[in-house]
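K.L.:
Got a structure for you, questions after.
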Amino acid sequence: MKKLFIGCLVSCSVAFSLSAADTFNTNSCSGCHGKDFSKSALNKSKIVKDMSNKDIRTALKGYKNGTYGGPMKALMKNQVKKYSDSDLDKIADFIKPEDTNSTKEVENVSVDNNTTK
């Protein structure tokens, strides 16, 4: 379990170390959350695909400002702190578009113009 946690931390750190102008690699999310966001990260998080777009936005922004989260709060805060609220909205929209209830399989998405590659 410790190795899994360290692996997730490393892969998430690499992905989130990119600046907002760079491509956000959502593939690293799949290590903990699953390719379709159907896994509970380390059996501690909510299942993201079951969350609404609004709830995902609230969670991402809450992790950033330290007002949201349980056992994964510190890990996730470190992941999202470099992103603007606008970037976090774009990430939430990629994961679960506002006007649908479907999730996308994880791939690359650009946070500066909200297009997939």
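K.L.:
Among the residues of segment 76-107, write down those that are loosely packed, with under 14 Cβ neighbours inside 10 Å and either part of a loop (DSSP other than H, G, I, E, B) or modelled with pLDDT under 90 (or both).
P.N.:
Initial filter on segment 76-107 (loosely packed, with under 14 Cβ neighbours inside 10 Å): 81-82, 84-86, 97-102, 105, 107.
Lys81, Lys82, Ser84, Pro97, Glu98, Asp99, Thr100, Asn101, Ser102, Glu105, Glu107 - these are the residues of segment 76-107 that are loosely packed, with under 14 Cβ neighbours inside 10 Å and either part of a loop (DSSP other than H, G, I, E, B) or modelled with pLDDT under 90 (or both).
K.L.:
Please work out which one of (1) outside any helix (DSSP H, G or I); (2) over 12 Å from the mean Cα position of the chain (by Cα); (3) at pLDDT 90 or above is the condition Phe37 fails and give its number.
P.N.:
(2)
K.L.:
Which residues, counting only those in segment 36-71, are more than 12 Å from Ile95 (Cβ to Cβ) and hydroxyl-bearing (Ser, Thr, Tyr)?
P.N.:
Of everything in segment 36-71, those that are more than 12 Å from Ile95 (Cβ to Cβ) and hydroxyl-bearing (Ser, Thr, Tyr) turn out to be Ser40, Ser45, Thr58, Tyr63, Thr67, Tyr68.
K.L.:
Could I ask something else about it? Being touching a residue at least 24 places away in the same chain (Cβ under 8 Å) and not in a loop (DSSP other than H, G, I, E, B) is the filter; apply it to segment 55-75 and report the residue that is surrounded by the fewest Cβ atoms within 10 Å (Cβ to Cβ). Before the answer, list the steps.
P.N.:
Here is the first cut: in segment 55-75, the residues touching a residue at least 24 places away in the same chain (Cβ under 8 Å) are 56-57, 60-61, 64, 70-72, 75.
Keeping just the survivors that are not in a loop (DSSP other than H, G, I, E, B) gives 56-57, 60-61, 64, 75.
Numbers: Ile56: 22, Arg57: 20, Leu60: 21, Lys61: 17, Lys64: 20, Leu75: 20.
So, considering only residues that are touching a residue at least 24 places away in the same chain (Cβ under 8 Å) and not in a loop (DSSP other than H, G, I, E, B), the one surrounded by the fewest Cβ atoms within 10 Å (Cβ to Cβ) is Lys61.
The values are calculated or read from the model by the stated rules, or taken from the named source; none is laboratory data. The structure presented is a predicted model; accordingly, all values stated were derived computationally and were not measured. FYI the Cβ positions are ideal-geometry reconstructions off the backbone, even for glycines, and counts take in every protein chain you see.
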